[in-house]
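Read through the structure below, which is laid out as structure tokens, and then see the notes.
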Amino acid sequence: MSGAAGIRAGKAFVEISTNDTDFQRGLKRVQHGLVRLGTMMKQLGSGMALAGGAMGLPMILAARNAAVFEDALLELRGAVADIDPSQMKRVREESLRLSRSMGVAPEKIAQAFALLIKAGMGVEDALNGGTKAAVEFARVSGVDAAAAAEFMKVSMNVFGISAEEAADTLSAAADSSETSIAAMIESFALVASVANGTGQTLFWLSQGLAALARYVIKGEEAGTGIKTFLVKLLSPAE
């Protein structure tokens, strides 16, 4: 009896051990499955977060550009006391229209409007082609619209010429030399006020820059060179 009981007990133990082993294996499979599921969910969450960030980036950039656009319009409104709401509306509409037709950011065009009108160009003149000319000049010269308008503004104030004449004068000089309009604008920014103080015109200044370009003296180097030369003429050494 004891022998038979021992055999049955041993058999039961083997069965229990076998069943327990199968149970442990199953449990491990479940655990591994849960780990994989958790990893997949984590990766999915990260992917969705990245995708959400990528989708949100254009919206963020658009909001920032819109804010810059509004700032440029506010700057214009604050600088020109006699500009009325209907003109501001037209400036906004024209900025957006030129942006669509010329592929330039509307805030750049609004900045060009502000620079030209602050320089003395009439609001109607800016609306009826002045700003468009500045943007077109920017595209030809390789500088942005704000930089082109800044050049035109300085030319109007320093040399007393129109924005269109300033653009044509500099373009002609650049075309006849080994330099670019962009490089000449860089030179011009350094020497304009001194050139005007010595009685020079934009025509003669641009021709001087063109002559220096033949000797590979361009941009900042050319502007600094002419400025130094003119300053020494004004205050010659003993």
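The values are calculated or read from the model by the stated rules, or taken from the named source; none is laboratory data. Keep in mind that what you see is a predicted model, and the values were worked out from it rather than measured. Methodologically, a virtual Cβ is constructed for each residue, glycine included, from the backbone with ideal geometry; neighbour enumeration extends over all protein chains shown. When the accessible area is computed, the model is the full protein with side chains, heavy atoms only, and any ligands, DNA or RNA have been set aside. Shrake-Rupley method; radii C 1.70, N 1.55, O 1.52, S 1.80 Å.
Structural remarks
- Of all residues in region 155-168, those satisfying the criterion of being closer than 18 Å to Glu186 by Cβ and over 28 Å from the mean Cα position of the chain (by Cα) are Val158, Phe159.
- Counting only helices (runs of 4 or more DSSP H) wholly contained in region 96-208, the ones carrying 1 or more residues that are surrounded by fewer than 17 Cβ atoms within 10 Å (Cβ to Cβ) and basic (Lys, Arg) occupy 106-119, 131-141.
- Pairs where the first residue, in region 132-148, is over 18 Å from Glu94 (Cα atoms) and the second is in a loop (DSSP other than H, G, I, E, B) and of a type in the set (S, T, N, Q), C-beta under 7 Å, 6+ apart: Gly142/Ser180
- Neighbours by Cβ (under 9 Å, 6+ apart or cross-chain): first from region 65-81, part of a loop (DSSP other than H, G, I, E, B); second open to solvent by 60 Å² or more (accessible area, probe 1.4 Å): Val80/Lys118
- Check on Ile226, surrounded by 19 or more Cβ atoms within 10 Å (Cβ to Cβ) and either within 27 Å of the chain's Cα centre (by Cα) or among the polar types (S, T, N, Q) (or both): no
- Of the numbered criteria (1) open to solvent by 60 Å² or more (accessible area, probe 1.4 Å); (2) within 27 Å of Glu107 (Cα to Cα); (3) in contact with a Ser or Thr (Cβ under 6 Å, 6 or more places away or on another chain), the one Lys218 fails is (2).
Results for (1) among the aliphatic types (A, V, I, L, M); (2) in contact with a helix residue (DSSP H, G or I) (Cβ under 9 Å, 6 or more places away or on another chain), shown as yes or no for each residue.
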| position | (1), (2) |
| --- | --- |
| Ser155 | no, yes |
| Val158 | yes, yes |
| Thr224 | no, yes |
| Lys232 | no, no |
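- Residue count, region 82-93 (criterion: under 18 Å from Lys153 (Cβ atoms) and either open to solvent by 80 Å² or more (accessible area, probe 1.4 Å) or part of a helix (DSSP H, G or I) (or both)): 1
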